[in-house]
Number of protein chains: 2
Amino acid sequence: MDIATKPRKEQIEDVATDLFKNKGYAATSMRDIAAAVGIEAASIYSHIHSKEQILTGICFRMARAFMQGIEKVMQTSAPTDEKFKLAVIRHVDVITSDIAASAVFWNEWRHLSEPMLTEFISLQRKYEQLFRSLIEQGVEEGIFEVSNISFVVMAMLSSLNGIQKWHSYTLPPEELNHAFANIFLKGLKK
Amino acid sequence: MDIATKPRKEQIEDVATDLFKNKGYAATSMRDIAAAVGIEAASIYSHIHSKEQILTGICFRMARAFMQGIEKVMQTSAPTDEKFKLAVIRHVDVITSDIAASAVFWNEWRHLSEPMLTEFISLQRKYEQLFRSLIEQGVEEGIFEVSNISFVVMAMLSSLNGIQKWHSYTLPPEELNHAFANIFLKGLKK
DNA sequence: TGTGCTTGCTAACAAACGTTAGGTTGTTTA
DNA sequence: TAAACAACCTAACGTTTGTTAGCAAGCACA
């Protein structure tokens, strides 16, 4: 959908996402957002309750996308290494499908206030836990060889989540996901 | 050196680094910093020119540390795979030697203003370039096998720089550096 | 034709921001 | 002993912040 034909509320959210990514949440003012949309700051409040509501919306929408991705993978009956591959691919796809929102999700969540902050953090932990259990399973099956599972999962997720900072893509999205999946799988396999 | 016996200027910088890491540069006020030091906001200006000067100091001090690390490695006559290993170890060491400053270096540099901003970015590019050339050399020598060098370098650096976001260490610093070096080397080798 | 909803406006609010001015105190140096 | 300096203070500055109040225009539907 063309951005100009979107409902104003979505326009505001899109524009805010971009600004939050580029300037950071705290350094982006409601007047910045309004100017980018082409209205006055006060007019934003006809569509949105508060600045933080925009942030909350972005963070939890992305959290849901990541979580749904891995949960769907976990439910399949594919072999463990294939599951792992699918999980990585899905993770990369979620990021590349909305780079700006991913950047906000990853860099600005600390500006959430309670109780959303606690909920967000626990979602994040849960996600990491799912990845850990995937690798644990591979180790138990004897197809993965890993010295320290927690270390590997953190190193891997850091790598994936770093994509949003890359100044330019080194690979197109449809190759990036497989490239990551292959590189990690090579590192895990016995 | 105990923090209480440090010169006030350093105390301010240390406290500011911590706050910048946890709240972000834009969301940290001079009054926050002052309160953490135990003085009034205006008193900070007896020691420091501006808020941005603190940020500039942190960012370029870390940039220097990273750059010196890899330049020293490049000058040795070690074989390429050993050089690479040393470069990774040194990079991790710089991060773990000052996690808070690394976090600021990595997350808050966008709040630098010109001309420092441009200089900072070009330093970052130069650093990436050195890593790329290291891997290129390994590929030419036939000891590394890499599908896309830029991709691998970005994925690797993202992973390393993610350390500062980890809620807790998975490994103690003296093992973390080698763990990273080994995992990457395994991924690169033919 | 009138009612109510949507979307926008101007004006203003109290609070917080980085920073400066000017003064006081205690310590070091000539 | 006088002068200079370092380190802090209170008070205030102009600006920007997120947000509210109140109002106007345009449209939908009874």
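The values are calculated or read from the model by the stated rules, or taken from the named source; none is laboratory data. Just so you know, these numbers come straight off a predicted model, no measurement behind them. Note that we place each Cβ from the backbone using ideal geometry, even for glycine, and neighbour counts take in every protein chain shown. Just so you know, the surface numbers come from the protein's heavy atoms only, side chains and all, with ligands and any DNA or RNA stripped out. Shrake-Rupley method; radii C 1.70, N 1.55, O 1.52, S 1.80 Å.
Among B:I48, B:I70, which is of a type in the set (A, V, I, L, M, F, W, C), near DNA strand C (Cβ under 10 Å from one of its atoms) and modelled with pLDDT of 95 or more?
Only one candidate qualifies: B:I48.
With the condition kept exactly as written, say whether any residue in segment B:107-123 is touching a residue at least 12 places away in the same chain (Cβ under 8 Å), within 26 Å of A:E128 (Cα to Cα), of a type outside the set (F, W, Y) and within 13 Å of chain A (Cβ to nearest Cβ).
Checked against the condition, which is being touching a residue at least 12 places away in the same chain (Cβ under 8 Å), within 26 Å of A:E128 (Cα to Cα), of a type outside the set (F, W, Y) and within 13 Å of chain A (Cβ to nearest Cβ), segment B:107-123 yields at least one hit.
Does segment B:61-72 contain at least one residue that is over 24 Å from B:Q164 (Cβ atoms) and without any contact (Cβ under 8 Å) to a residue 24 or more places away in the chain?
No, that holds for no residue.
Go through (1) part of a helix (DSSP H, G or I); (2) free of Cβ contacts under 8 Å to residues at least 60 places away in the same chain and name the single condition A:F20 misses.
(2)
Inspect segment B:47-60 for any residue being farther than 18 Å from B:F105 by Cβ, within 16 Å of DNA strand D (Cβ to nearest atom) and open to solvent by less than 40 Å² (accessible area, probe 1.4 Å) and give the result as yes or no.
Yes, because at least one residue in segment B:47-60 is farther than 18 Å from B:F105 by Cβ, within 16 Å of DNA strand D (Cβ to nearest atom) and open to solvent by less than 40 Å² (accessible area, probe 1.4 Å).
Are any of the residues in segment B:154-177 assigned to a helix (DSSP H, G or I) and among the aromatic types (F, W, Y)?
Within segment B:154-177, none of the residues are assigned to a helix (DSSP H, G or I) and among the aromatic types (F, W, Y).
List every residue pair whose Cβ atoms sit under 7 Å apart, with the two residues 6 or more apart in sequence or on different chains, where the first one lies in segment B:141-159 and is within 7 Å of chain A (Cβ to nearest Cβ) and the second, anywhere, is hydroxyl-bearing (S, T, Y) and assigned to a helix (DSSP H, G or I).
Qualifying pairs under 7 Å: B:A155/A:S159; B:S158/A:S158; B:S158/A:S159; B:S159/A:S158; B:S159/A:S159.
Sort out which residues of segment B:145-171 are of a type in the set (F, W, Y) and more than 14 Å from A:S159 (Cα to Cα), and write them in order of number.
Within segment B:145-171, B:Y169 is the sole residue that qualifies.
Using the structure shown, decide if A:A26 is within 14 Å of another protein chain (Cβ to nearest Cβ) and within 13 Å of DNA strand C (Cβ to nearest atom).
Yes; evaluated as a whole, the condition is true for this residue.
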